[in-house]
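The values are calculated or read from the model by the stated rules, or taken from the named source; none is laboratory data. Fair warning: this is a prediction, and the values are worked out from it, not measured in the lab. Please note: Cβ atoms are built from the backbone with ideal geometry, for glycine as well, and neighbour counts cover all protein chains shown. SASA here: full protein model, heavy atoms, side chains in, ligands and nucleic acids out. Shrake-Rupley method; radii C 1.70, N 1.55, O 1.52, S 1.80 Å.
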Amino acid sequence: MGVLGISLRPAGALVLAAGLFCAGAAHAQPQLQPFKDDLFSAQTVLKSADGGNYLILDYNEMRDINGRDTIVEKRVQDKYVSLKIRAQQKDVAVPTAAGVVKTYQVGKLTPQTSMIVLYLHGKGGNRHQGVNDFTFGGNFNRLKNLVVQGGGVYLAPDFSDFAAKGTSEISGLIAAMKQQAPRAKVIVTCGSAGGVLCWQLTADATAAQQIDGLALLGSLWDDQFRKSVAFKRKVPVFLSHGSRDPVFAIDSQEAFYRSLRKTKGGYPVVMHRYESGNHGTPIRMTDWRVALNWLVSKAP
């Protein structure tokens with residue numbers, strides 16, 4: 001069994017088994033429990049390499065978009081969502097050293113909070129994207145439910161730009177949250193151009209010490225990451241990408257993955273390639289239970 005827990009269907013097709021890991025993981029942590037796994041985790045693995053760290057996953061637009069949505073790309077079928085989570089969702093303004101940051105917060109922040117998961121949107125997006133229950137196949141709804149049921153807090157913030165000011169705002173938001181939940185693991189997930197902030201945070205003196213995991217969804221790479229404090233801490237990196245992404249080429253992202261794999265002593269990095277997937281495919285298809293369980297298990 002590989003690091004991401006690949007198992008077999010009765011018919012013999014490889015599928016993801018969310019939340020399973022190699023025995024004796026170095027940083028064993030409590031695992032997120034199943035939530036609609038029958039709908040989100042039944043993804044066929046076409047190829048597995050690097051001990052399960054590199055997976056090619058089957059994707060079919062007619063099945064995974066048209067067959068899943070009642071209104072294509074706008075509203076998923078009701079069975080994919082649970083709206084009870086909205087009772088724990090609020091739109092807040094958080095004071096930080098870089099100014100006030102508006103963010104959706106799902107879940108209650110306490111000293112016992114287990115994890116803080118942030119989603120940073122790409123260009124043209126906003127904080128509303130990360131809490132929309134019905135777009136992207138209901139995957140944000142599942143993310144909210146998984147995090148809160150696991151004792152964590154989910155944040156979907158706005159930020160001023162994809163440069164220094166935006167980086168300072170998100171770094172300040174993380175610091176403000178950690179003051180209230182010092183034991184929480186901080187996982188930053190970035191869609192598309194939001195990855196610019198992900199990588200800039202790894203070079204931020206404060207954030208680089210507080211981030212415990214990164215997930216890049218249809219996003220970009222950063223060859224300067226090797227020089228960062230986060231790299232030295234071995235902050236795990238989860239990459240999810242569509243093979244036909246016209247914005248960020250899959251070849252470059254795979255080259256980045258391989259470069260991290262070659263790091264002396266090994267580096268905690270995983271890549272999921274969605275065969276025939278487009279730019280937005282990873283936001284729709286990434287199995288959040290698999291991704292978050294792996295990131296938390298490898299957190300420094």
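Do you know which of the residues in the stretch 54-73 that are closer than 26 Å to Ile250 by Cα and among the charged types (D, E, K, R) is surrounded by the fewest Cβ atoms within 10 Å (Cβ to Cβ)? Steps first, please.
Of the residues in the stretch 54-73, the ones closer than 26 Å to Ile250 by Cα are 54-68, 72-73.
Then drop every residue that is not among the charged types (D, E, K, R), which leaves 58, 61, 63-64, 68, 73.
Numbers: Asp58: 19, Glu61: 13, Arg63: 10, Asp64: 19, Arg68: 17, Glu73: 13.
Looking at the filtered set, the residue picked out is Arg63.
For every residue, the table says whether it meets (1) open to solvent by less than 40 Å² (accessible area, probe 1.4 Å); (2) under 26 Å from Arg233 (Cα atoms).
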{"site": "Tyr257", "(1), (2)": "yes, yes"}
{"site": "Lys264", "(1), (2)": "no, yes"}
{"site": "Tyr267", "(1), (2)": "yes, yes"}
{"site": "Tyr274", "(1), (2)": "yes, no"}
{"site": "His279", "(1), (2)": "no, no"}
{"site": "Arg284", "(1), (2)": "yes, no"}
{"site": "Trp288", "(1), (2)": "yes, yes"}
{"site": "Asn293", "(1), (2)": "yes, yes"}
{"site": "Lys298", "(1), (2)": "no, yes"}
Which one is farthest from Met271 (Cα to Cα), of the residues in the stretch 175-185 that are buried (at least 22 other Cβ atoms within 10 Å of the Cβ) and of a type in the set (A, V, I, L, M, F, W, C)? Met177
Taking the stretch 115-166 and keeping only residues that are closer than 22 Å to Thr96 by Cβ, small (Gly, Ala, Ser) and surrounded by fewer than 20 Cβ atoms within 10 Å (Cβ to Cβ), one is left with Gly125, Ser160, Ala163, Ala164
Could you please let me know if Phe136 is in contact (Cβ under 8 Å) with a residue 60 or more places away in the chain and of a type in the set (Phe, Trp, Tyr)? yes
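From the list Gln88, Gln105, Gln77, which one is open to solvent by 30 Å² or more (accessible area, probe 1.4 Å), among the polar types (S, T, N, Q) and under 30 Å from Ile174 (Cα atoms)? Please lay out each step first, then the result.
Values: Gln105 fails: open to solvent by 30 Å² or more (accessible area, probe 1.4 Å); Gln77 fails: under 30 Å from Ile174 (Cα atoms).
None of the other options fit; the residue is Gln88.
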Identify, from the list Gly242, Gly218, the residue that is at positive phi and open to solvent by less than 40 Å² (accessible area, probe 1.4 Å). Gly218
Restricting to the stretch 187-209, and then to whatever is out of contact with any Leu (no Cβ under 9 Å at 6 or more places or on another chain) and not hydrophobic (A, V, I, L, M, F, W, C), can you tell me which residue is most open to solvent (accessible area, probe 1.4 Å)? Gln209
